[in-house]
Amino acid sequence: MRLWAQTALAAVLLAVGPVRAQSAGAPAPTEAAPGQPQDDAATRFDRMSEQEKAQLRERLKQYRALPLDEQARVQANIARWRALPPEEKARVRQNLEAFQRLSPDERQRLLNQWHDFQKLPPEQRQQLRQQMRQYLHANPERRKQMMENLRTWRSMNREQREQMRQRLREMRERRGK
C-alpha cells in the first residue's frame, strides 16, 4: 500500500477509533453532538455495509502491522491534516482527485519526478521552492494564467489532454528547428 494511501487510511481509522462489534443487545450509537467527531465517525462506521467494514478492519490490520516509527509518521501526518484550514483541505482533496484521474503512465511519471525531487539535498529542494515562490510572486499575471490553465486542464477528459500534449510537442518542435 502506498504511503499516502496509508496516511489517508490511518486518518479514517483514527477518526473511527477501535473497530467495535455491534452486538444484538448493544444500544445503537447516538447521533454525534457538535464538536464530537469521534461519535460522528462511529455513526458513519455503523452506517457502512458489512463489506466496507471488513475492508476497514483489514486496513486497520495493515496499519497495525506497520513499524512503530511509520505509525508515528502517519499519525503526525494526520495531525498536520487536522490542523489545515478547510480551504486547504479542499485544495488537497482536489489535487488528489486530479492525480487519481491521470493515466497510470502519467501518475508514474509524476511519482518519479517527486522521488527525484525528494532525492535532492534539502537545501536544493528549499532553493527550488523559494525560486518558484519568487517567480509566482513577481509575476502575478503569469500565476493567474497558470491557475486558469490548471482549471482548464482539470476540466478536460483524457482524449482532450492528449490532444493538447500533442499540440504542445509540435509547437516545441517548430521552435527547436
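Points to keep in mind about this one:
- Difference of contour (0.36 nm per residue) and Cα-Cα distance, Gln124 to Arg57: 20.0 nm
- Alpha carbon centroid spacing (whole Å) that separates the range 46-89 from the range 151-177: 37
- Per-residue extension of 0.36 nm, minus the Cα-Cα distance of Arg158 and Glu50, leaves a gain of 35.4 nm for this segment.
Read the figures in this text as sums done on the coordinates, not as results from a lab. As the structure is a prediction and not an experimental result, all values here were calculated from the model.
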